[in-house]
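One structure is given below, encoded as structure tokens.
The values are calculated or read from the model by the stated rules, or taken from the named source; none is laboratory data. In this text, all values refer to a predicted model and were calculated from it rather than measured experimentally. Note that each Cβ is placed from the backbone with ideal geometry, even for glycine, and that neighbours are counted across all protein chains shown. These area figures cover heavy atoms from the full protein model, side chains too; ligands, DNA and RNA do not enter into them. Shrake-Rupley method; radii C 1.70, N 1.55, O 1.52, S 1.80 Å.
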Amino acid sequence: MNNDYLLLTPGPLSTSITVKEAMLKDWCTWDDDYNVEIVQAIRAELCRLATSCTDYTATLMQGSGTSCVESALGSLIPNDGKLLVINNGAYGARIVEIAQYLNIAYSELSYAETQIPEPLDVETVLLSDPLITHVAMVHCETTTGILNPVKDIAKIVKKHKKVMILDAMSSFGGVPFDMHEWHIDVLISSANKCIQGVPGFGFVIAKHALMENAKGHARSLSLDLHAQWQTMEQYQGKWRFTSPTHVVRAFAQALTELQQEGGVTARHQRYKKNQSLLVAGMQAMGFKTLLGQALHSPIITAFYSPQSPEYNFKRFYQQLKSLGFVIYPGKVSNADCFRIGNIGDVTSHDITRLLDAVATAKYW
Ligand SMILES: *Cc1c(COP(=O)(O)O)cnc(C)c1O
């Protein structure tokens with residue numbers, strides 16, 4: 001049975017019928033069929049998607065994307081380490097919050113949500129604070145849909161010999177790049193974003209040497225990334241604690257479908273087409289985007305709420321939902337917006353239907 005509405009939200013998102021069907025079988029967590037075949041194949045495929053360099057290893061971790069960010073930061077930064085967080089949105093701010101919860105020494109380089117971080121500022125901070133050992137930032141800041149200049153920043157981070165950690169939650173699998181070429185040491189993403197799986201676990205792709213050196217740093221038992229990695233390595237894909245078996249099955253199917261689509265490049269093209277169609281159609285109806293087109297990712301787009309006194313997000317949302325589309329509220333702190341995601345099992349035909357629905361809703 002399919003949904004009666006399409007999720008135009010950046011995770012959970014609309015998944016294919018076949019991804020959902022993959023969850024119809026129960027699996028034994030310690031059986032070879034599950035561990036060796038499914039989990040190990042997923043780990044290898046994630047590394048292959050991330051880079052052609054073989055120096056990286058992937059670890060899967062139960063929980064939402066945030067659990068995985070928390071696991072990576074809490075396990076990879078030693079007690080005497082210091083984190084620089086580059087922040088231009090809610091997910092950058094969440095990294096700061098994690099550092100606070102975990103008692104990780106940090107400093108913050110913050111920007112307005114509509115501004116992209118400036119690589120030269122990062123260099124200035126790194127030069128002025130030699131205690132910094134790690135730098136973390138978000139690739140696509142899902143708050144606004146902005147695509148941050150990760151490549152230029154990571155180059156500077158590398159030059160200063162710091163560890164570069166990237167929250168690529170909403171971009172990995174949907175925006176092509178090579179982790180190694182970009183000098184990313186650690187990448188975090190989750191099952192339910194551009195790979196188009198269902199929610200339940202995330203993953204960390206990191207340099208081998210970093211994982212080896214992480215022993216004993218974890219600030220949490222269940223989120224100990226090194227221990228999880230060790231178990232997956234030693235026992236061929238075994239998870240330390242109950243694994244989200246159905247989610248893992250769905251994810252394996254989602255990876256197959258990514259390949260069938262033509263890989264990350266083809267998926268990126270589809271998302272880009274969705275996004276440009278969406279923006280053109282919305283602009284034709286008088287909507288304005290929060291960001292200029294040059295700053296947009298193909299992942300999600302924030303639109304200013306219409307100025308009409310009759311406009312009310314809740315009603316607009318309900319109307320679109322009744323017409324078959326679920327959109328996303330805004331998350332920008334100083335602008336009244338709503339957001340529409342382009343990721344998931346969504347085609348340009350769906351975007352055209354959405355635009356018709358927006359025109360029909362006519363609340364403004
Ligand atoms: C979705 C997302 C996360 C994680 O969110 P969860 O709700 O914990 O899954 C983190 N960072 C970014 C950029 C995201 O888009």
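Ordering SER128, SER171, SER64 by accessible surface, largest first, gives SER128, SER64, SER171; the 1.4 Å probe counts only protein heavy atoms, with every chain in place. Normalised per residue, the accessible area of the chain is 42 Å², obtained with a 1.4 Å probe and no contribution from ligands, DNA or RNA.
Restricting the GluC sites (Glu not before Pro) of segment 137-241 to loop positions (DSSP other than H, G, I, E, B) with no more than 12 neighbouring Cβ atoms within 10 Å leaves GLU181. Between CYS53, CYS140, CYS337, the Gaussian network model of the chain with springs among Cα atoms under 10 angstrom shows the greatest mean-square fluctuation at CYS53.
In this simple spin-label approximation, LYS25 and THR360 carry label points 7 Å from Cα along the Cα→Cβ vector, and these lie 3.9 nm apart. Which loop-located GluC sites (Glu not before Pro) does segment 255-352 contain, where loop means any DSSP state but H, G, I, E or B and the Cβ has at most 15 other Cβ atoms within 10 Å? In loop regions of segment 255-352 (DSSP not H, G, I, E or B), the sparsely surrounded GluC sites (Glu not before Pro) are GLU310.
Residue by residue, segment 305-320 carries 3J(HN,Hα) couplings of 5, x, 7, 4, x, 7, 6, 8, 4, 4, 5, 4, 4, 5, 5, 5 Hz when phi is fed to the Karplus relation 6.51 cos²θ - 1.76 cosθ + 1.60 (θ = phi - 60°); x denotes Gly or Pro.
Loop-located trypsin sites (Lys or Arg not before Pro) across segment 134-199 with a Cβ neighbour count of 10 or fewer within 10 Å are LYS161, with loop assigned by DSSP. With contacts taken as Cα pairs under 8 Å at a separation of at least 6 residues, segment 29-156 carries a relative contact order of 23 percent. Residues considered: ARG315, ARG267, ARG43. Largest GNM mean-square fluctuation over the chain, using C-alpha springs under 10 Å, is found at ARG315. Based on the Cα coordinates of the chain, what is the per residue volume of their convex hull in Å³? For the chain, the hull spanned by Cα atoms encloses 127 Å³ per residue.
For the chain, modelled as a GNM whose springs connect Cα atoms under 10 angstrom apart, the maximal fluctuation among THR242, THR142, THR256 occurs at THR242.
Distance between the modelled labels on HIS160 and ASP129, one decimal in nanometres: 0.9 nm (7 Å Cα→Cβ projection). Helix content alone sets the calculated 222 nm mean residue ellipticity of the chain: runs of n ≥ 4 DSSP H residues at -39500 (n - 2.57) each, divided across all residues, give -11500 deg cm²/dmol. Sequence-distant contacts, meaning Cα pairs under 8 Å at least 6 residues apart, place the relative contact order of segment 256-330 at 21 percent.
Stretching GLN260 away from ALA112 to a fully extended chain increases their span by 49.4 nm, per 0.36 nm per residue minus the current alpha-carbon distance.
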